[in-house]
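Scroll down for the structure; my scribbles are underneath it.
The values are calculated or read from the model by the stated rules, or taken from the named source; none is laboratory data. Fair warning: this is a prediction, and the values are worked out from it, not measured in the lab. Note that we place each Cβ from the backbone using ideal geometry, even for glycine, and neighbour counts take in every protein chain shown.
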Amino acid sequence: MDSSLWSRAEAIADSAKKLGSLQSLETLSENLQEGNLCFTLRQISSLRRKKNNSERSDKPRNPFFPYEAPLFVDNAGPAHNILLNKFNVLEQHLLITTKVFEPQTSELSLADFHALYECMKQDKALAFYNSGPEAGASQQHKHLQLVKTAPAAQDIPFAAIFEQLRDEVPRKLADLPFEHVALGLNNNLFDSEWFTPADAAAQLKNLYDRLRASLSIESTAGHIEQPYNWLLTQEWMLLVPRRKESYQGVSLNALAFIGSILVPDKKQARQIKSAGLARALTEVSGLI
């Protein structure tokens with residue numbers, strides 16, 4: 001992979017839009033405050049387009065095998081593809097998919113972390129993994145997601161809270177009301193002058209395993225029964241166990257646990273605001 005992943009992704013996105021392969025979803029957003037928590041609530045204003053596209057076939061299709069050629073960005077090592085997210089809400093939203101089918105409930109492997117490191121060493125980004133349907137995964141084929149983030153904290157509403165994480169010891173953050181465990185990363189982990197790609201990937205894998213162990217989330221033959229959301233930046237790592245996929249009809253994925261919540265319409269926006277955004281996160285998190 002060359003050093004211009006995000007520039008390449010931007011150019012391919014422009015081409016894919018013209019071909020109709022990339023169908024970005026327009027949203028209306030508002031910032032909300034609940035106690036010491038800042039949220040961004042996004043409401044989709046172009047949902048009909050996605051529904052119509054998905055209703056063209058009655059048979060479920062794996063969109064990653066084979067993938068749509070106009071959405072292909074690059075390879076991430078020998079075992080992973082980098083694709084544009086076809087129905088993106090956020091700009092520069094990439095998917096890191098396995099070339100060979102693996103289930104979305106699979107444990108994150110060393111190869112996954114190699115691929116992720118190759119993408120994240122280039123610029124500030126947020127990676128996340130929705131492990132299983134109850135964690136918000138919409139596809140069964142293993143895929144991590146990657147979003148380029150701005151230098152400022154506006155892309156991660158809970159950013160100030162995560163700044164408390166300064167070492168690699170798993171801990172709970174008192175300001176977050178939902179079940180979770182988090183840790184800070186070595187400041188030089190993504191610096192090639194300090195860590196080789198192999199060493200950095202191994203360290204990321206070790207820290208991921210450490211978070212799982214702290215919540216007794218076990219892997220059996222590479223499969224993890226407990227649904228969870230996992231998130232990573234160049235500064236910290238977060239794991240949230242899940243016991244429900246939605247709250248009062250509102251589906252929640254990994255991004256909800258950094259304060260970014262997406263709803264399909266005004267009705268669900270009203271529902272979740274009335275119920276309480278923090279309460280929604282608390283209700284869907286926890287061990288099964």
### Task
Considering every residue within region 189-196, establish whether at least one is modelled with pLDDT of 95 or more and outside any loop (DSSP other than H, G, I, E, B).
no
### Task
With respect to Thr196, determine if the residue is of a type in the set (Val, Ile, Thr), over 18 Å from the mean Cα position of the chain (by Cα) and under 23 Å from Gln122 (Cβ atoms).
yes
### Query
Quick one: Ala137 ticks every box in (1) touching an Asp or Glu at 6+ places or on another chain (Cβ under 7 Å); (2) outside any strand (DSSP E or B); (3) among the aliphatic types (A, V, I, L, M) bar one, so which box is it?
(1)
### Message
Exactly one of these conditions fails for Thr149: (1) surrounded by 22 or more Cβ atoms within 10 Å (Cβ to Cβ); (2) among the β-branched types (Val, Ile, Thr); (3) in contact (Cβ under 8 Å) with a residue 60 or more places away in the chain. Give me its number.
### Response
(1)
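Would you call Gln268 crowded, with 18+ Cβ neighbours inside 10 Å, assigned to a helix (DSSP H, G or I) and not aliphatic (A, V, I, L, M)? Can you show your working first?
Numbers: crowded, with 18+ Cβ neighbours inside 10 Å: yes; assigned to a helix (DSSP H, G or I): yes; not aliphatic (A, V, I, L, M): yes.
Yes.
Taking the condition in a loop (DSSP other than H, G, I, E, B) and modelled with pLDDT of 95 or more, does Asn130 pass? Write out each step before concluding.
Values: in a loop (DSSP other than H, G, I, E, B): no; modelled with pLDDT of 95 or more: yes.
No, not satisfied.
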### Candidates Asn53, Asn36, Asn31, filtered to the one that is among the polar types (S, T, N, Q), loosely packed, with under 14 Cβ neighbours inside 10 Å and at pLDDT 95 or above
Asn31
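Among the candidates Glu235, Glu245, single out the residue that is of a type in the set (Asp, Glu) and either buried (at least 20 other Cβ atoms within 10 Å of the Cβ) or under 15 Å from Phe128 (Cα atoms) (or both).
On the way: Glu245 fails: either buried (at least 20 other Cβ atoms within 10 Å of the Cβ) or under 15 Å from Phe128 (Cα atoms) (or both).
Just one listed residue meets the conditions, Glu235.
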### Message
For the list (1) aliphatic (A, V, I, L, M); (2) surrounded by 11 or more Cβ atoms within 10 Å (Cβ to Cβ); (3) at pLDDT 95 or above, I need the number of the one condition that Leu47 fails.
### Response
(3)
### Query
Is it fair to say Ala111 is of a type in the set (Gly, Ala, Ser), surrounded by fewer than 18 Cβ atoms within 10 Å (Cβ to Cβ) and over 19 Å from the mean Cα position of the chain (by Cα)?
no
